[in-house]
Amino acid sequence: MDCCLIAGAAGGIGSRLAQRLAVEGRRLVLCGRNELALQALADSLLCDCKVMVVDLVQGTQVADLYKTLAEQDWHVDGMAHCVGSIALKPLHLLSEQEAREVFEVNYWSAFHLLKGFVQQRLAVRQPGAAVLTGSLVVNAGFPGHEAIASAKSALVGLMKSAAASYAAKGIRINCVLPGLTDTPLASRFLATDAAREKMAALNPLGRVGCADDIAAAQAFLLSSDAGWMTGQTLTVDGGQSGLMAPAVAVRPAS
Ligand SMILES: NC(=O)c1ccc[n+]([C@@H]2O[C@H](COP(=O)([O-])OP(=O)(O)OC[C@H]3O[C@@H](n4cnc5c(N)ncnc54)[C@H](OP(=O)(O)O)[C@@H]3O)[C@@H](O)[C@H]2O)c1
């Protein structure tokens, strides 16, 4: 991979991925809505990078983004979708409007970005690698997660089918499923030491995730080390959604 578009680059996970890929010497396109935060990130990275301010739930804006990049000869061969939101409510309290908003941010942004990415790869007849970001709630039922679990499950369905459609063209598409990770998105669940300890105690590995846990998995899936992987979900959650093992001790991040 030479050049990677990171959507949601100013977020906790997106910015950590940008730092990892910059160290590897990739060129980066940093996308999101917050120009100041994106520019501050770009200024901190020692790599060739471009900031693009885009509302990623708007299909026309995402299509224009790829068109502009192509016109400027920035042909991205990697794409990471790190956009998301969280709104927890059980179904009997969840309005249709609230559920639609969760789908806009978590599913439709991925739809627009992935569609633009594969169109652009097909146009230049070149392979590529994309990684989407789901959630551990795809793997198991968590109370109050009806909207986000539905949107992230749709995202996984999109990933798998698109991976099948474009495998023969050398376009790999995979998905990381994070558990609770210490980023601005999760800040309200980790606001106090007591809350953080409670969340850590629910996790088999005894801690909350850090952004680099997720960025490392994304960077791997984008790299040639994952060159024989496509259509896969990679769960990075300390074992929370797959194991019946309760945490025995709370451990700091290593
Ligand atoms: N943190 C967790 O515990 C956790 C758990 C499971 C899954 N995830 C997933 O991990 C991914 C990254 O999340 P994070 O934890 O890094 O969250 P974050 O720090 O809040 O970052 C999310 C990013 O998404 C961007 N974004 C949201 N709506 C957008 C829009 N319409 N257009 C452009 N950008 C938009 C935000 O940019 P703005 O500055 O423009 O708002 C922000 O940079 C998400 O897919 C999330 O669902 C996170």
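Given the structure, is A168 surrounded by fewer than 22 Cβ atoms within 10 Å (Cβ to Cβ) and hydrophobic (A, V, I, L, M, F, W, C)? Answer is yes for this residue.
Can you spot a residue in region 131-145 that is within 16 Å of the chain's Cα centre (by Cα), over 18 Å from G238 (Cα atoms) and outside any loop (DSSP other than H, G, I, E, B)?
Within region 131-145, one or more residues are within 16 Å of the chain's Cα centre (by Cα), over 18 Å from G238 (Cα atoms) and outside any loop (DSSP other than H, G, I, E, B).
Could you tell me whether I173 is outside any helix (DSSP H, G or I) and aliphatic (A, V, I, L, M)? The answer is yes for I173. If you check A216, A164 for being within 14 Å of the ligand (Cβ to nearest atom) and part of a helix (DSSP H, G or I), only one passes: A216. Just the residues that are touching a Leu at 6+ places or on another chain (Cβ under 9 Å) and not small (G, A, S), please, taken from region 168-184. Result: K169, I171, R172, I173, N174, C175, V176, L177, P178, L180, D182.
Checking the structure you have, find out if any residue of region 193-212 is basic (K, R) and under 19 Å from A7 (Cα atoms).
no
For region 1-52, the tally of residues that are surrounded by fewer than 22 Cβ atoms within 10 Å (Cβ to Cβ), near the ligand (Cβ under 8 Å from one of its atoms) and among the hydrophobic types (A, V, I, L, M, F, W, C) stands at 1.
Can you tell me how many residues within region 118-132 are hydrophobic (A, V, I, L, M, F, W, C) and more than 15 Å from A80 (Cβ to Cβ)? Total satisfying the criteria: 3.
For residues in region 53-72 being more than 10 Å from the ligand (Cβ to nearest atom) and crowded, with 19+ Cβ neighbours inside 10 Å, which is farthest from F103 (Cα to Cα)? Within region 53-72, the match that is farthest from F103 (Cα to Cα) is L69.
Based on what the data block shows, is A186 more than 13 Å from the ligand (Cβ to nearest atom) and part of a helix (DSSP H, G or I)? The answer is no for A186. Within the set T133, T183, the sole residue that is of a type outside the set (A, V, I, L, M, F, W, C), within 21 Å of L222 (Cβ to Cβ), out of contact with any strand residue (DSSP E or B) (no Cβ under 8 Å at 6 or more places or on another chain) and at pLDDT 95 or above turns out to be T183.
The values are calculated or read from the model by the stated rules, or taken from the named source; none is laboratory data. Since this is a predicted model, take the numbers as computed values, not measurements. Cβ sites come from the backbone with ideal geometry, for glycine too, and all protein chains shown count toward neighbours.
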